[in-house]
1. The chain: longest stretch without exposed trypsin sites (Lys or Arg not before Pro) (DSSP loop, at most 15 other Cβ within 10 Å), sites themselves excluded?
2. Please determine, in degrees from 0 to 90 and to the nearest 10, the orientation of helix 136-153 with respect to the longest principal axis defined by the Cα atoms of the chain, where the helix direction is its Cα long axis.
3. Calculate for the chain the 222 nm mean residue ellipticity that helices alone would give, adding -39,500 (n - 2.57) per DSSP H run of length 4 or more and normalising by residue count, nearest 500 deg cm²/dmol.
4. In Å, what Rg and Dmax follow from the Cα atoms of the chain?
5. For region 88-163, which GluC sites (Glu not before Pro) pass both filters: DSSP loop (anything but H, G, I, E, B) and at most 15 other C-beta atoms within 10 Å?
6. Which of the aspartates and glutamates could a cross-linker span from LYS114 if the Cα-Cα distance has to be under 12 Å and same-chain partners fewer than 8 positions apart are dropped?
Amino acid sequence: MTEQPRRGRSDKRQAILAGALAVFARDGYTRASIDAISAEAGVSTRTVYNHFADKAELFLSVIHDSAARAAEAQIAIIERHLRKVTDLEADLIAFGLDWTAPMPDLAAHFALVKQVGAEEGHIPPEAIETWRRTGPQRVRAELAARLRHLAERGAIRAEDPERAALHLMLLVSADLPERDPHAPQPERSAATVAAGVRTFLHGHQAPS
């Protein structure tokens with residue numbers, strides 16, 4: 001195939017990663033092919049192999065970069081709402097609404113995560129560990145740090161901030177449909193988030 005002209009090595013690598021994310025998100029790890037990825041990226045298969053030894057190495061790079069971007073976006077939400085809490089319930093609800101809002105820019109990432117869940121037994125363990133460490137575990141640690149600060153202030157009770165962070169994330173999204181960037185449901189989201197926050201506060205209410 002004919003490559004797009006005059007792109008630098010860094011540009012080609014980024015094009016490969018973007019094309020691979022699109023293909024892995026659509027087809028999953030097992031069914032994705034280097035030919036499909038090279039076509040999506042607009043480069044030759046030789047160029048793909050010049051940058052990545054094999055599909056496993058490419059997938060590892062894709063899921064690391066994608067998880068890092070998603071983590072940054074989610075950590076920004078945590079910082080925006082929980083860095084300085086003035087009204088605990090209201091600020092937690094605002095966090096939950098932002099947390100569960102559609103994120104169209106990360107649609108491919110969430111599709112990729114869905115594929116990982118479906119194919120976990122066929123994906124290199126190193127890639128799954130990289131995704132967890134770079135994405136969900138990092139985000140949960142950041143949320144736990146904010147909850148720990150609230151506990152130190154006496155605003156909530158959280159003997160285990162990591163577990164409390166998991167509780168909060170699950171409760172605010174408890175009965176929402178799977179994240180779909182094209183089908184927001186604001187009324188249902190608001191009710192779910194408010195109920196989740198109140199349940200969280202009931203379980204983590206600071207002693208009087």
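1. On the way: sites that count: ARG6, ARG7, ARG83, LYS84, ARG157.
In short, 8-82.
2. Result, in degrees: 20.
3. That comes out to -23500 deg cm²/dmol.
4. Looking at the chain, its Cα Rg and Dmax stand at 20.0, 71 Å.
5. Details: sites: GLU89, GLU119, GLU120, GLU126, GLU129, GLU142, GLU152, GLU159, GLU162; in loops: GLU159.
Loop-located and lightly packed - GLU159.
6. Counting by Cα, and skipping residues close in sequence, LYS114 has these aspartates and glutamates nearby: ASP27, GLU178, ASP180.
Values in this text are rule-based calculations from the coordinates and carry no lab data. Predicted model, so just to flag it, every value in this text is computed and none were measured. Because the Cβ atoms are built from the backbone with ideal geometry, glycine has one as well, and the counts that use them run over all protein chains shown.
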